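Participant: This is the structure I have questions about; it appears just below.
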Ligand SMILES: Cc1ncc(COP(=O)(O)O)c(C=O)c1O
C-alpha cells in the first residue's frame, strides 16, 4: 500500500508523516477505537476516469454507530462525507482505500474511557488491489467474540485481536481462518463474511454474531437481481458438506471463491458457477459497469469530479 499526501486529523489536513499520536493513547493500551475500510474505484465515463467511493454513506453510518457503541459522541455523516471527498481529491486518488478511525486519546492512564478526548483521523491512499481468485479456509480453534461479551456489530479496534489469534492459528495450513460463534455455528472468516450456495440459493450466517458487512449486503442485492435468493440462518459446520459452492465477501477482497474448508473440497473443488457470476457482477458493479444496478443504486456511489 502506498502513502497518501495528506491525512485529515482532528479537523485539519496534515502531511502524511505528521499524523502522530501520544504513546499513552487509550486506543494503544486498551483498544478504544472504531474504524472503517472504504474503497475508491476508478469508474470510466467516456474517456475520463472518475474516482468513485462505494457505499460511502453506509460505511459512515456504521462508523458513527460504532462510535456510539463505545460511548463517543457521534459526528454527523455529512461532515465526514465532505472531508473524505475533499481528502480523496487532494490526494489525487483514483483507485484506493480510505481508513477513518475514531479513538480515545491521552489525558490520564486508566481503562475506562469516560472523559478522555476523542480523536478522529482519516487516511486515504492509492491501492490497486490484487484479488485472490480462490482460497482455502480452515476452522480456527478460536471462537468469534461472543455477543454476550461485546457489542458485536461495532467495528472496534480491540476486537481484532480475535481475528489475529484466528489467523495465527491457521498459518501455513490455509489462506484464511473460519471462525465459529460461541455456540459452535459458523460465524465468518477473520476479516470477511461467508456465503454458501446450493443450487440457486445462497445461505449466509444471520446477524447477531457477525460483523454485518456492506459487501455482504451488496451481494444479497446483486444476487436478487440475478435471480438468486439468499437465506440468512444459523449454519452448522456439519452442513458444509451439502453445499455446492462457498465464497467470502469483504471490502478488501471483494468476492473470493472458497474451494476447500478444513482440507475438504467444496462441491467439485473449483470456483463455482454462481460464485463466478457474483464475483464478476460485483466487480462490474463497483467499477460502474453494471448499468442497471448502477442506476437503481445511485446512492451507493459518490463520484469525485
Ligand atoms: C470481521 C469482519 N467481518 C466482515 C468484514 C466485511 O465487511 P465489509 O464488507 O463491510 O468490508 C470485515 C471487514 O471490514 C471484517 O473486519
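Participant: For the range 6-126, compute Rg over Rh where Rg is the Cα radius of gyration and Rh is the Kirkwood radius from the inverse mean 1/r over Cα pairs.
Facilitator: 1.02
Participant: Report the Rg/Rh value for the range 1-62, based on alpha-carbon coordinates and the Kirkwood definition of Rh.
Facilitator: Over the Cα atoms of the range 1-62, Rg/Rh equals 1.07.
Participant: Would you order 153, 221 from fewest to most other beta-carbon atoms within 10 Å of each residue's own beta-carbon?
Facilitator: Working: 153 17, 221 14.
So the residues, fewest neighbours to most, are 221, 153.
Participant: Now, a different point. Report, in cubic angstrom per residue, the convex hull volume of the C-alpha atoms of the range 134-286.
Facilitator: So the per-residue Cα hull volume is 100 Å³.
Participant: Label residue 200 and residue 82 with points 7 Å out from Cα along Cα→Cβ: what is the distance between them in nm?
Facilitator: Here the answer is 4.8 nm between the modelled labels.
Participant: Ranked by Cβ crowding within 10 angstrom, fewest neighbours first, how are 1, 72 ordered?
Facilitator: The most exposed by this proxy come first: 1, 72.
Participant: So what is the orientation-averaged projected area of the range 212-260, using the convex hull of its C-alpha atoms, in nm²?
Facilitator: So the mean shadow area of the Cα hull is 4.0 nm².
Participant: Based on the alpha-carbon set only, what is the convex hull volume of the chain divided per residue, in Å³?
Facilitator: Convex hull of Cα atoms, per residue: 135 Å³.
Participant: While we're looking at this one, here's another question. Take each of the peptides 106-112, 2-8, average the number of other beta-carbon atoms within 10 Å over its residues, and list them starting from the highest.
Facilitator: The packing order, highest mean first, is 2-8, 106-112.
Participant: Further, regarding this structure: Using Cα centres only, tell me the gap between the range 245-305 and the range 51-81 in whole Å.
Facilitator: 24
Taken together, the values in this text are just the output of simple stated rules run on the coordinates, not laboratory data. Fair warning: this is a prediction, and the values are worked out from it, not measured in the lab. Heads up, the Cβs are rebuilt from the backbone with ideal geometry, glycines too, and the neighbour counts pull from every protein chain shown.
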